[in-house]
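Q: Below you will find the structure I want to go over with you.
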Amino acid sequence: GQVITDRFPVLTYGSMPVIDLRSWRLRILGLVEEEVVLSWYEFMELPRITVRADFHCVTRWSRLDNLWEGVSFKEISKVTSIQAEAKYVTFSCFGGYTTSLALETLMADDVLLAHHHDGRPLDREHGWPMRLVVPKRYGWKSAKWVKSIEYLTQDEGGFWEKRGYSGNADPWKEERFC
């Protein structure tokens, strides 16, 4: 049910935050051995990957062959020890948006915290300076302006999941709503 587009439409809940890289921080908390807070410069020192992947929106458009650059979620998970009982992860964003995913889903090789798209730094409306990208899920799972990653035992549901959207969000199964 998707339509291919060459554009990259902007869909955002709320207003776009104004972020100063000097004060930007990424918190990693919850079921971890020790909470970690990374500055922008510490985040950018982590090993980077590139991923070429399609991006699917629940509103029925898809943009093919996006080139993302950033830090893999697997690499982020090495920054601190994750406790064995952690099964889900909630991402909180500047502006109040949240989303959650199974930890197993996030450990796929193509999941990353991206700072570049198609060879350029992310545009502000697409999540500058950094966003989550989960290519095998609908776009609402690829949260913009991420500020924290929290490991949990249970799925708490994010902004859209609490409003009736699928917690799994697999576009190939058209998992739009609960």
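Q: Could you give the accessible area per residue of the chain, probe 1.4 Å, as a whole number in Å²? All intermediate terms of the calculation are to be shown ahead of the outcome.
A: Working: 8910 Å² over 178 residues.
Value returned for the chain: 50 Å² of accessible area per residue.
Q: Same structure, new question: Residues of the stretch 140-156 with the amide nitrogen closer than 12 Å to a label point 7 Å from the Cα of GLN83, along Cα-to-Cβ, please.
A: 151-154
Q: Just add up the charged neighbours of LYS147: K/R +1, D/E -1, any other residue whose Cβ is under 9 Å from the Cβ of LYS147.
A: Numbers: positive: ARG25, ARG27; negative: none.
Residues close to LYS147 contribute a combined charge of +2.
Q: Calculate the length of the line joining the C-alpha centroid of the stretch 35-96 to that of the stretch 103-141, in whole Å.
A: The stretch 35-96 and the stretch 103-141 have Cα centres spaced 6 Å from each other.
Q: Please identify, among LEU64, LEU101, LEU113, the residue showing maximal mean-square fluctuation in a Gaussian network model of the chain using a 10 angstrom Cα cutoff.
A: LEU64
Q: Let me check something: with ligands and nucleic acids excluded, how do ILE82, ILE149, ILE4 order by accessible area (1.4 Å probe), largest to smallest?
A: Numbers: ILE82 55, ILE149 0, ILE4 110 Å².
In descending accessible area the options line up as ILE4, ILE82, ILE149.
Q: Which percent of the accessible heavy-atom area of the stretch 1-112 goes to carbon and sulfur, probe 1.4 angstrom?
A: Details: 3000 of 5960 Å².
In the stretch 1-112, the share of accessible area belonging to carbon and sulfur is 50 percent.
Q: Which shape class applies to the stretch 37-87: rounded if a/c is under 1.5, otherwise prolate when a/b exceeds b/c and oblate if not, where a ≥ b ≥ c are the square roots of the Cα gyration tensor eigenvalues? Intermediate results must be reported in sequence, preceding the final value.
A: Details: a/c = 2.75, a/b = 1.59, b/c = 1.73.
Oblate is the answer for the stretch 37-87, as a/c is 1.5 or above yet b/c matches or exceeds a/b.
Q: While we're looking at this one, here's another question. Between ASP54 and LYS162, what is 0.36 nm times their sequence separation minus the Cα-Cα distance? Round to one decimal in nm. Present the calculation step by step, with values, prior to reporting the outcome.
A: Values: separation 108, 0.36 × 108 = 38.88 nm, distance 2.57 nm.
Additional length available on full extension: 36.3 nm.
Q: Using the Cα atoms as the points, what is the convex hull volume per residue of the stretch 125-178 in Å³? If you can, show how the numbers build up before the last one.
A: Details: hull volume 5.1 nm³, N = 54.
Cα-based convex hull of the stretch 125-178, divided per residue, equals 95 Å³.
Q: If I model a spin label as a point 7 Å beyond the Cα along the Cα-Cβ vector, how far apart are those points for VAL18 and SER39 in nm?
A: Once both label points are built, they end up 2.3 nm from each other.
The values are calculated or read from the model by the stated rules, or taken from the named source; none is laboratory data. No experiment lies behind these values; they were computed from the predicted model shown. A quick note on method: Cβ atoms are made from the backbone with ideal geometry, for glycine too, and the neighbour counts reach across all protein chains shown. We work out accessible area using only protein heavy atoms, side chains counted, and drop any ligands, DNA or RNA first. Shrake-Rupley method; radii C 1.70, N 1.55, O 1.52, S 1.80 Å.
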